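Undergrad: Below: one structure in structure tokens.
The values are calculated or read from the model by the stated rules, or taken from the named source; none is laboratory data. These numbers come from a predicted model, not from an experiment. Here the Cβ is made from the backbone with ideal geometry for all residues, glycine too, and neighbour counts use every protein chain on show. These accessible areas exclude ligands, DNA and RNA; they are computed on the full protein's heavy atoms, side chains included. Shrake-Rupley method; radii C 1.70, N 1.55, O 1.52, S 1.80 Å.
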Amino acid sequence: MVELDWNNIPKDLCPVCKTDKYLSPTLQFKINPECYHKICDSCVDRIFSLGPSPCPYPNCGKILRKNRFKTQIFDDVEVERECDVRKRVVAVYNKTQEDFKTLDEYNAYLEEIEEYVYKLVNKIDVEQTEQKLKEYQQAHKDDIEMSNNQRDQEYEKFLKLQNLEKRYKAEKNKINREIIKEEQNLKNLGKLEVINQLQTASGEKDADKIIANVRDSMISKTSNYKEQLEELEKNYQEQRERIISGLDEIKEEEKPKVPFTPFNGDRVVSPPYEYGDYKDPFLLKIVDDVQYKAGGYKIDFYFHKSLNDAFTGLHCIIEEEKETVDQVMG
Amino acid sequence: MSTAYTKEKKVGEGTYAVVYLGKQIATGRDIAIKEIKTGTFKDGLDMSAIREMKYLQELKHQNIIELVDVFADKEKNLNLILEFLPSDLEMIINDKKLMIVPADIKSWMLMTLRGLHHCHRNGILHRDLKPNNLLISPEGCVKIADFGLARSLGMPNEKLTSNVVTRWYRGPELLFGAQHYSPAVDIWAVGIIFAELMLRTPYLPGKDDADQLVVTFQALGTPTEENWPGVSHLPNYNNLTVYPEPSRQELRNRFPAATESALDLMCGMLALNPNNRLNTEACLLHGYFTESPEPTEPEHLPKKS
């Protein structure tokens, strides 16, 4: 058997198990962004199922994990690698042009990104660059997150607009189809109508008039649809405006929220009476019994209730209350 | 007066009343008409009807059922016009299709305690709290209903009957036959309801009164003179099997979804000794209600479809 040349692996061959795409067309290659060495799917399963293992390529030695393997998108490994690096850098350097005052500043920012990508791809000062990247991420943590959120929101908006447009178009097509159908119907019907009316009409003078009548009614019916179409168009524009300006979301949140309080604002902290250390020897004697104590009876509760009963009525004016009740009852 | 309401259909019948669904003509809102049967009792009206009227007329609160009107019709039947509430908490607990999240439980507990707080601060004990009596309005609000067993605390020398509250929700002092108890009996019932909401099955389902004692103490430990002074002098206290108090870990295992403060609140409401049980105020001020998640808005609570 010919020894495999590891530096020049054929395109459709898995160098680990030597399976060829020609013989097994279902063969799928996976790569790991640690070293970008291609390995076929079943080999990945076989080798890395039990946890991290070193790359099977000779002189590689990188420890690879199964969950990091992915399908290769570009044929050229170098392109694949650059894409990955770029993705990583841009996830940290995620500002947009609107974040800069001048175009020059923005260009400088883009230049910086390019420099990092170039260095990382071509393995120049990798450690130093990684360090810089990390430092930047630490320093701009909040900004990065905000930018990310913004982008998510933009994307959401975009989806909403897309949805709206889809609905609008479907609706429009429906109405247009209706119009065409109706026109066709009316044409046929109009002909019949004219013939009918002409047959029953007495004088020949009426003929022109009758035809005009039928035409008028036809036009009014189609214009009805046209109005609907205009209405739809107007609605669509309004909703579009609202989504673009972000108003639709504010509308949902606008509902005033009452801050939470356990008693819902209904707690009598200071009762209308003062209850010092009132002592009623008669009652206290009754209550001083094991049956009361063990049952949980509290004489305070009774005192409070009695005082409450006596005092809470003081500010109630029954006549006034009655009036409102009468109003409610009609 | 009876012309102000329409009677549409019969929805239920109890021992002392028939309930109809109707409408208030002036406002068009749905109402329930509770027609009290007269004549079947030789001493006049049934006690619970009087209790219901007496206390509901006093209590107006957004978490207590509203008594709209009371009148006697031509046949001298007494009619209570109540707010119409289509569902209750029991239906929701039993509807296995509904998903209940902790924030929902918090919301229901909050509304129940607010309503109960209003009863207690007016000196009224409900004495029959259970999921079946916590009705739910179409907007999702909990309303305490059925004041047929309610009473206000009278003079201390009056004896109260210990034969109140549906068995599964009956506090230990009632099980021991105490005749001088306090609003703490309602708190116990709410604590059991809390547990039932988390478990979605009755927490302490005793088969009979004796079994209820066993079940209760198996779950929460047997009270002793140490943690409940005087308990052995209560009428029905005798020959108890002593069960140890459950450890915190055992409670955690029983209520896997409960947070620490939810367990704290539940234990506070289910203190065996009524003197140590939290009152409504302490319950409402408990950290459970202010910690995350926020209680669900009533209109977003799961509803019976």
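Undergrad: Rolling a 1.4 Å sphere over the protein heavy atoms, what is the accessible area per residue of region B:87-300, to the nearest Å²? Mind dumping the intermediate values first?
TA: Working: 8180 Å² over 214 residues.
So region B:87-300 comes to 38 Å² accessible per residue, rounded to a whole number.
Undergrad: Return the calculated 222 nm mean residue ellipticity for the protein assembly as shown, to the nearest 500 deg cm²/dmol, obtained by summing -39500 (n - 2.57) across DSSP H runs with n ≥ 4 and dividing by the residue count.
TA: -15000 deg cm²/dmol
Undergrad: Which one of A:SER270, B:LEU220, B:MET111 has its Cα pushed farthest toward the positive end of the charge dipole of the protein assembly as shown, where Lys and Arg give +1 and Asp and Glu give -1 at the Cβ?
TA: Working it through, the farthest residue towards the positive pole turns out to be B:LEU220.
Undergrad: Please report the buried accessible area for the interface of B with A, total over both chains, probe 1.4 Å, in Å² to the nearest 100.
TA: Working: alone 14710 and 26460 Å², together 38160 Å².
It comes to approximately 3000 Å² buried between B and A.
Undergrad: Follow-up question, since we're still on this one. In peptide B:112-124, how many Cβ atoms from other protein chains are near each Cβ within 10 Å, on average?
TA: Values: counts 0, 2, 5, 0, 0, 5, 2, 0, 2, 8, 4, 7, 1.
Across B:112-124, the average partner-chain Cβ count within 10 Å equals 3.
Undergrad: Taking the Cα centre of chain B as origin, sum charge times position over the Cβ atoms of Lys and Arg (+1) and Asp and Glu (-1), and report the length of that vector in debye to the nearest 20.
TA: Approximately 600 debye in magnitude.
Undergrad: Other chains' Cβ within 10 Å of A:301-312 residues: what's the mean?
TA: Values: counts 9, 6, 1, 3, 8, 3, 0, 3, 3, 0, 0, 2.
Going residue by residue through A:301-312 and averaging, the value is 3.
Undergrad: Something else now. Would you work out what percent of the accessible area of region B:87-300, with all protein chains in place, is carbon or sulfur (probe 1.4 Å)?
TA: Percent of accessible area from carbon and sulfur atoms in region B:87-300: 52.
Undergrad: Please list B:ASP30, B:ASP46 from largest to smallest accessible area, probe radius 1.4 Å, with all protein chains kept in place.
TA: Details: B:ASP30 70, B:ASP46 30 Å².
Putting B:ASP30, B:ASP46 in descending order of accessible area: B:ASP30, B:ASP46.
Undergrad: Now for a separate question. Per-residue Cβ counts within 10 Å, from other chains only, averaged over B:275-283: what number is that?
TA: Working: counts 6, 1, 1, 0, 2, 1, 3, 0, 1.
Mean partner shielding for this stretch: 2.
Undergrad: Put +1 on the Cβ of each Lys and Arg and -1 on the Cβ of each Asp and Glu in the protein assembly as shown; which of A:ILE113, B:PHE194, A:PHE301 then has its Cα farthest toward the positive end of the dipole?
TA: After comparing all options, I get B:PHE194.
Undergrad: I'd like the orientation of helix B:209-220 relative to chain B: the angle between its Cα long axis and the longest Cα principal axis, in ° from 0 to 90, rounded to 10.
TA: Result, in degrees: 50.
Undergrad: To continue, here is another question. Could the peptides B:158-169, B:244-255 be put in order, highest first, of the mean number of other beta-carbon atoms found within 10 Å of their residues?
TA: Going from most to least packed, we get B:158-169, B:244-255.
Undergrad: So, one more: Given a 1.4 Å probe and the protein chains all in place, what does the accessible area of A:ILE219 round to, in Å² to the nearest 10?
TA: 90 Å²
Undergrad: Can you pull the percent of region B:5-83's accessible area that's carbon plus sulfur, 1.4 Å probe, other chains left in place?
TA: Looking at region B:5-83 in its full context, I get 52 percent from C and S.
Undergrad: Taking H as built 1.01 Å from N, whose amide H comes closer than 5 Å to the amide H of B:VAL68, not counting residues under 5 places away?
TA: B:ILE81, B:LEU82, B:GLU83
Undergrad: Something else now. For region B:5-83, report the convex hull volume of the alpha-carbon atoms normalised per residue, in Å³, without decimals.
TA: 100 Å³
Undergrad: Report in % the part of the accessible area of chain A that belongs to carbon and sulfur, leaving out ligands and nucleic acids; probe 1.4 Å. Provide the component values of the computation, followed by the final result.
TA: Details: 12750 of 24870 Å².
With neighbouring chains kept in place, the figure for chain A is 51 percent.
Undergrad: Heavy atoms only, 1.4 Å probe, whole protein assembly: order A:ARG240, A:ARG151, B:ARG121, A:ARG81 by accessible area, highest first.
TA: The residues order as A:ARG151, A:ARG240, B:ARG121, A:ARG81, largest area first.
Undergrad: Helix B:184-199 against the longest principal axis of chain B: what's the angle in degrees, Cα atoms only, rounded to the nearest 10?
TA: Approximately 80 degrees, to the nearest ten.
Undergrad: Could you run the Karplus curve 6.51 cos²θ - 1.76 cosθ + 1.60 with θ = phi - 60° over region B:268-281 and give me ³J(HN,Hα) per residue in whole Hz, x for Gly and Pro?
TA: Working through the residues one at a time gives x, 7, 9, 5, 5, 6, x, 5, 9, 6, 5, 9, 4, 5 Hz.
Undergrad: If you don't mind, another one. Any chance you could get the radius of gyration and Dmax over the Cα atoms of the protein assembly as shown, in Å?
TA: 38.9, 117
Undergrad: Based on the Cα atoms of chain B, what semi-axes does the equivalent ellipsoid have, where each is the square root of 5 times one gyration tensor eigenvalue, given in whole Å with the largest first?
TA: Its equivalent ellipsoid spans semi-axes of 34, 25, 16 Å.
Undergrad: Something else: Can you tell me the Rg and Dmax of region A:92-153, counting just the alpha carbons, in angstroms?
TA: 12.7, 37
Undergrad: Towards the positive end of the charge dipole of region B:5-83, with charges on Cβ (+1 Lys, Arg; -1 Asp, Glu), say which of B:ASN77, B:TYR55, B:GLY14 has the farthest Cα.
TA: Positive-most Cα among the choices belongs to B:ASN77.
Undergrad: When a/c is below 1.5 the answer is rounded, else prolate if a/b is larger than b/c, else oblate, so apply that to chain A with a ≥ b ≥ c taken from the square roots of the Cα gyration tensor eigenvalues.
TA: Cα axes put chain A in the oblate bin.
Undergrad: Quick one: 3J(HN,Hα) in Hz for region B:261-267, Karplus 6.51/-1.76/1.60 with θ = phi - 60°, rounded, Gly and Pro as x.
TA: 6, 5, 5, 4, 4, 4, 5
Undergrad: So what does A:GLU182 come to for accessible area, using a 1.4 Å probe and Å² rounded to 10?
TA: Roll a 1.4 Å probe over it and A:GLU182 shows about 50 Å².
Undergrad: OK, next. Accessible area per residue for chain A in Å², computed with a 1.4 Å probe and the full protein assembly in place, what is it?
TA: 75 Å²
Undergrad: Determine the percent antiparallel among the DSSP beta bridges restricted to region B:49-177, to the nearest 5. Mind showing how you got there, number by number?
TA: Working: 12 of 13 bridges.
Around 90 percent antiparallel, to the nearest 5.
Undergrad: Roll a 1.4 Å probe over the protein chains and send me the accessible area per residue for region B:5-83 in Å².
TA: Heavy-atom SASA per residue in region B:5-83 reads 54 Å².
Undergrad: Which order do B:MET53, B:MET99, B:MET47 take when ranked by solvent-accessible area (1.4 Å probe, heavy atoms of all protein chains), largest first?
TA: On the way: B:MET53 30, B:MET99 140, B:MET47 115 Å².
Of B:MET53, B:MET99, B:MET47, the descending order of accessible area is B:MET99, B:MET47, B:MET53.
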